[in-house]
1. Within the bounds of region 12-32, is there any residue that is surrounded by fewer than 16 Cβ atoms within 10 Å (Cβ to Cβ), within 17 Å of the chain's Cα centre (by Cα) and within 22 Å of residue 131 (Cα to Cα)?
2. Does residue 133 count as at negative phi and at pLDDT below 85?
3. Go through (1) modelled with pLDDT of 85 or more; (2) within 25 Å of residue 30 (Cα to Cα) for residue 125 and report which single condition fails.
4. Wholly within region 34-145, which helices (runs of 4 or more DSSP H) include no fewer than the required count, namely at least 2 residues that are in contact (Cβ under 8 Å) with a residue 12 or more places away in the chain and over 18 Å from residue 158 (Cα atoms)?
């Protein structure tokens, strides 16, 4: 009996394979086309605002909030839930993070600094398909706005740009960290 239990591998407990995850991401990207172009444009606008126009901070936060709502609804609720049962919980976390960031946009004194490291991380999340290291094809990659890895990492980088509000920044970092762990686990377990 114990020898039977020891014969199982981690892959016996995973809900999907690497091929299934790749097929899912390809289908997801095809399904939401041409929304990706909108998110690339939004990324350009956000990056321009962060580098050149610091007085439009609230607009940046609204765009980040929209990215969380979009990722939660379209990625987790509408699509990823077909191969991962825990996606419904991730959807609620994404919606909560979108609401929290929207709440921060309403604060009168929110300001951002020009932290070069945080801006560099944001640039990568916006324009570099770094998920490609996990994937076989470029069609299986997501960027900021429509995928959980770039949105989570970009949100953590955004927190590095916010001046002050130390205890509130902790609140802002909890959900992106959880979603980042969930997304990374989904990628690594499918390897």
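1. Within region 12-32 (the criterion being surrounded by fewer than 16 Cβ atoms within 10 Å (Cβ to Cβ), within 17 Å of the chain's Cα centre (by Cα) and within 22 Å of residue 131 (Cα to Cα)), the answer is no, since none of the residues qualifies.
2. Working: at negative phi: yes; at pLDDT below 85: yes.
When the stated conditions are applied, residue 133 passes them.
3. (1)
4. Ranges flagged: 35-52, 87-105.
The values are calculated or read from the model by the stated rules, or taken from the named source; none is laboratory data. Since this is a predicted model, take the numbers as computed values, not measurements. Glycine also receives a Cβ, built like all others from the backbone with ideal geometry; neighbour counts cover every protein chain displayed.
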